[in-house]
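Colleague: Take a look at the following structure, please.
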Amino acid sequence: MPSLLLRIPLIQQKVAQAATQELSERLRAPVRIGNVNIRWFNRLVLEDLYLEAPSGTPLFNANHVSAGFDVWPLLHGRLVFSTVRLFGFTLHLSKESPQSPLNLQFLIDAFARKDSTKAQPDIDFRFNSILIRRGNFRYDVQSANPTPEKFNAQHVDLRNLSATISIKALNKD
């Protein structure tokens, strides 16, 4: 029944607003989700996703992010994704200096375990395929000088990425 309710545009909008507010508060950074949809009980779709770094610069945006998952393994503590799709995205990673943390450290900290002494859960990620289309990736070390017309690992700008990645298993070991 919840899946059927999420097919109604007004409900999708309310879920997107609630998720936007919750994530913005947890991350202490602006997050926007244009639309949330669950399709066929096993696919979560987020459209018009936007995440800003605490510095106020855009960190990530995407037209379409979706994950198809298997429900049965989820009930047993395993995440098994049939597909992950990332379409029309831009990811901009940066740091002030080579020793500084990445601009997404706040995101890692927000979802990190607070108590590191607890035993790790037995989570088994499985991705049958990851589809990346029309993606842009940029990485900058702000203190490093640019080198026009010459490769510089401290200033990388990749555009129009397209890939199909298959990962049969990614285990904690």
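The values are calculated or read from the model by the stated rules, or taken from the named source; none is laboratory data. Keep in mind it's a predicted model, so treat the numbers as computed, not measured. Cβ sites come from the backbone with ideal geometry, for glycine too, and all protein chains shown count toward neighbours. Accessible surface is based on the protein model in full, side chains and every heavy atom, while ligands, DNA and RNA are left aside. Shrake-Rupley method; radii C 1.70, N 1.55, O 1.52, S 1.80 Å.
Colleague: Between a residue in the range 7-24 that is free of Cβ contacts under 8 Å to residues at least 12 places away in the same chain and any residue that is in a helix (DSSP H, G or I), which pairs come within a Cβ distance under 7 Å, given they are 6 or more apart or on different chains?
Modeller: I11/L5
Colleague: Taking S55 and the conditions (1) surrounded by 13 or more Cβ atoms within 10 Å (Cβ to Cβ); (2) under 18 Å from R32 (Cα atoms), which numbered condition does it fall short on, given that it satisfies the others?
Modeller: (1)
Colleague: Residue under question is A62, and the condition is that it be in contact (Cβ under 8 Å) with a residue 60 or more places away in the chain, open to solvent by less than 40 Å² (accessible area, probe 1.4 Å) and at negative phi; does it hold?
Modeller: No: the conditions fail for A62.
Colleague: Right, here's the next one. Against the conditions (1) polar (S, T, N, Q); (2) at pLDDT 90 or above; (3) surrounded by fewer than 17 Cβ atoms within 10 Å (Cβ to Cβ); (4) more than 22 Å from N103 (Cβ to Cβ), where does N35 fall short? Just the number, please.
Modeller: For N35, the exception is condition (2).
Colleague: Does P54 satisfy being outside any strand (DSSP E or B) and free of Cβ contacts under 8 Å to residues at least 24 places away in the same chain?
Modeller: Numbers: outside any strand (DSSP E or B): yes; free of Cβ contacts under 8 Å to residues at least 24 places away in the same chain: no.
Considered against the rule, which asks whether it is outside any strand (DSSP E or B) and free of Cβ contacts under 8 Å to residues at least 24 places away in the same chain, P54 comes out as no.
Colleague: Moving on to the next point. Out of the residues in the range 86-114 that are open to solvent by 40 Å² or more (accessible area, probe 1.4 Å) and assigned to a loop (DSSP other than H, G, I, E, B), which is nearest to N63 (Cα to Cα)?
Modeller: L102
Colleague: Tell me which residues, restricted to the range 119-151, are surrounded by 14 or more Cβ atoms within 10 Å (Cβ to Cβ) and either at pLDDT 90 or above or more than 23 Å from the chain's Cα centre (by Cα) (or both). Explain how you work it out, then say what you get.
Modeller: Here is the first cut: in the range 119-151, the residues surrounded by 14 or more Cβ atoms within 10 Å (Cβ to Cβ) are 124, 126-141, 144.
Selection gives L131, I132, R133, R134, G135, N136, F137, R138, Y139, D140, V141, A144.
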